[in-house]
Every structure is written in structure tokens, then in C-alpha cells.
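I have placed the structure first, in the form of C-alpha cells, so that the comments after it can refer back to it.
The values are calculated or read from the model by the stated rules, or taken from the named source; none is laboratory data. These numbers come from a predicted model, not from an experiment. Using ideal geometry, Cβ is built from the backbone for each residue, glycine included, and neighbour counts are taken over all protein chains shown.
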Amino acid sequence: MDSAVVTDRDEKWRGVPKVATTAEEIAAAAGTKYTISPSVTGVQMAMDQGFKKIGFVGTPCQIQALRKVQLLEEPYQFGQEKIGLLVGLFCMENFEHELLFPHLVEGKFGLKAEEVDKFEVQKGMFRVLSGDKVKEVPLEETDEYAWKGCGPCFDFAAELADVSIGSVGSKAGWSTVLTRSDLGAKVYDAALAAGSIEETAASDKGLALAGRLAKSKEERFSAKTAELFSRGVPVNIRR
Ligand SMILES: Cc1cc2nc3c(=O)[nH]c(=O)nc-3n(C[C@H](O)[C@H](O)[C@H](O)COP(=O)(O)OP(=O)(O)OC[C@H]3O[C@@H](n4cnc5c(N)ncnc54)[C@H](O)[C@@H]3O)c2cc1C
Ligand code: SF4
């Protein structure tokens, strides 16, 4: 790859697509931003900058979008053959910036966006870290801030990615990695051989947990779509 599209953030914790060309630039964009980000526009930015073998990291919905454009033929060509590698993140849901920050981060936790160091989801709690302060609520209490489009989403483990990565199923400090294509396996093996990553076998219990979450997301999708159709949604679509 000659470039990697990752998601950085501004001081308000809005996701900002970034074209990285060094390991340091990639690492500088580490950390989960729990709000919807226009990350895929970073692919166009990378093309505009002249890159020809572009790697992309993002949520399952973003991976689906990019995999689908790879299938497009004439006349719908805009350079999608330059998308070289898709790295997908596990994702149960994401949040709406305009709800999460005013209502939870600022409203309930009393923190300004600029004061937040890190977000994390652990053991059923949604946590915000700020200096030595840790503020948290049970994950269920964040439902009202979720991005509505995440309800009817069925893909937990980025099934169309070359490599999928998540925290579920692994001990703290490790990631669960699924290689899904020959390219994904090649990249993973090369990183291992170069000593860039370390490997330890995933536990059956950890993989079973990831499998259960994937299943529960599919069930949520079925329930949510049934509810939407019973209400006559999509109501805003006009012919
Ligand atoms: C919205 C969201 C929900 C997630 N939900 C789960 C989950 O339910 N279970 C689970 O096991 N893992 C989940 N993850 C993945 C997890 O948070 C870690 O990203 C993953 O385990 C990789 O760990 P890491 O330390 O290597 O990540 P890092 O080194 O921190 O890299 C994270 C990568 O994610 C990208 N990124 C960050 N925020 C966004 C965003 N909003 N949109 C697109 N890309 C982004 C960054 O560019 C970076 O490249 C989620 C990630 C996101 C972004
Ligand atoms: S739950 Fe689905 S739609 Fe929502 S951010 Fe994750 S992959 Fe995208």
C-alpha cells in the first residue's frame, strides 16, 4: 500500500478522515471515535493526492460501501481499482455527535468535548476518560444517542473486509483478528514476520462470544426491519 485512510478527530471529537503514509501518522489517529464519521471520503482524498494503492480502516458499513464500489464497471468508474486493502472493525453500534456530546458527555458527565482523552466500552459500560476522571454509564443508557441507521445493520464483524479486527473475544491489550481473504492473510503474515504484531491463539470462549454478538446483531436487524416495515417506513421516500 502507498497510503492508509484512517479516522482522526478534531478537538470536538468529530471524526476527520486522514490520509496517512507513515506508521506514525497511522498511530496518531488511533483510538475509537464513537460517532459517525465521513471516513470513506478519505479514499477520494487519497486518490486526489495521487495515491494508487490505498488501504482503508473503518466500520463494517464503510467496508460494505467500498467493497460494493469495487464491483462497479463502466461508466461508474472513479478510480476504485486503487482501493487495495480493506480493514474492518467489529461494530455493534455508533452514536450521533449531536446527541452524545450535549446530552451525555456535557449534560450528564459535565465534561467539555475538549477535555475528553478517550472513549471505551468495557464490560457493558460506556466510559469516558478525562485526566484521572472516569465517567461511565451502563451501555443500555446510551441507546437514545445511537445513530438511527445502526438499528437495521446486520454486520458485526465486517464480513466483506480483507481483515476484521475487534476487541471482543480477546484479553485487554490484545485484538481479535480474522483474516478473510488471501490478501488479508498475506498482510497479516507479513506483519507477523516483520515483528510488527504478536500472535496468540484466540480462546474458544472468546470466539464464541464474538459469534454470539454477531448473531444478536442479525436478530436486532430482523426485529428492527420488521418494526420499520410494520410502520410503513421508509416514509420519506418519494417516487
Ligand atoms: C464506532 C465503533 C464501534 C466499535 N464497536 C466495537 C464492538 O462493539 N466490539 C468490538 O470488539 N470492537 C468494536 N470496535 C473496534 C474497537 O474499538 C477497536 O477499534 C478495535 O478493537 C481495534 O483496536 P486497536 O487498538 O487496534 O484500534 P486503534 O489502533 O485505536 O485503531 C482504530 C482505528 O479505527 C479507526 N476509527 C476510529 N473511530 C472511527 C470511526 N468512528 N469510524 C471509522 N473508523 C474509525 C481509526 O482510524 C483507527 O484506524 C468499534 C470501533 C468503532 C469505530
Ligand atoms: S452499527 Fe452498522 S451502521 Fe452503525 S456504525 Fe456500525 S457498521 Fe455502521
### Query
When the residues of the stretch 1-26 are filtered to those that are touching a strand residue (DSSP E or B) at 6+ places or on another chain (Cβ under 6 Å) and among the aliphatic types (A, V, I, L, M), which remaining residue is surrounded by the most Cβ atoms within 10 Å (Cβ to Cβ)?
V5
### Query
Which one of these does G151 not meet: (1) over 17 Å from L89 (Cα atoms); (2) in contact with a Cys (Cβ under 8 Å, 6 or more places away or on another chain)?
(2)
### Query
Is the stretch 79-97 home to any residue that is more than 16 Å from ligand 2 (Cβ to nearest atom) and exposed (fewer than 13 other Cβ atoms within 10 Å of the Cβ)?
yes
#### Entry: Single residue of V128, V177 found to be in the same structural domain as R9 (by TED's automatic domain parsing), among the hydrophobic types (A, V, I, L, M, F, W, C) and free of Cβ contacts under 8 Å to residues at least 40 places away in the same chain
V177
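Answer with yes or no whether A210 is in a loop (DSSP other than H, G, I, E, B), on the phi < 0 side of the Ramachandran plot and in contact with a Gly (Cβ under 7 Å, 6 or more places away or on another chain).
Numbers: in a loop (DSSP other than H, G, I, E, B): no; on the phi < 0 side of the Ramachandran plot: yes; in contact with a Gly (Cβ under 7 Å, 6 or more places away or on another chain): yes.
No; evaluated as a whole, the condition is false for this residue.
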### Subset of the stretch 140-185 [of a type in the set (S, T, N, Q) and under 20 Å from Q70 (Cα atoms)]
S164, T179, S181
### Query
When you scan the stretch 139-160, how many residues do you find that are part of a helix (DSSP H, G or I) and more than 8 Å from ligand 2 (Cβ to nearest atom)?
8
#### Entry: Set F109, F78, F56: member being under 16 Å from the mean Cα position of the chain (by Cα) and of a type in the set (F, W, Y)
F56
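For V177, indicate whether it is surrounded by 17 or more Cβ atoms within 10 Å (Cβ to Cβ), within 18 Å of the chain's Cα centre (by Cα) and either of a type in the set (D, E, K, R) or assigned to a loop (DSSP other than H, G, I, E, B) (or both). Spell out how you get there, then give the answer.
Numbers: surrounded by 17 or more Cβ atoms within 10 Å (Cβ to Cβ): yes; within 18 Å of the chain's Cα centre (by Cα): yes; either of a type in the set (D, E, K, R) or assigned to a loop (DSSP other than H, G, I, E, B) (or both): no.
Here the answer is no, as V177 does not meet what is asked.
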## Note on the structure
Within the stretch 112-129, the residues that are closer than 13 Å to F101 by Cβ and either more than 16 Å from ligand 2 (Cβ to nearest atom) or loosely packed, with under 14 Cβ neighbours inside 10 Å (or both) are K112, A113, E114, E115, V116, V128
### Single condition E199 does not satisfy, out of (1) surrounded by 12 or more Cβ atoms within 10 Å (Cβ to Cβ); (2) touching a helix residue (DSSP H, G or I) at 6+ places or on another chain (Cβ under 9 Å)
(1)
### Task
Report yes if some residue within the stretch 82-104 is out of contact with any Pro (no Cβ under 9 Å at 6 or more places or on another chain), among the charged types (D, E, K, R), more than 28 Å from K217 (Cβ to Cβ) and free of Cβ contacts under 8 Å to residues at least 12 places away in the same chain; otherwise report no.
no
### Message
Condition (residue is among the polar types (S, T, N, Q), in contact (Cβ under 8 Å) with a residue 12 or more places away in the chain, within 12 Å of ligand 1 (Cβ to nearest atom) and touching a Ser or Thr at 6+ places or on another chain (Cβ under 9 Å)) applied to the stretch 187-209: is it met by at least one residue?
### Response
no
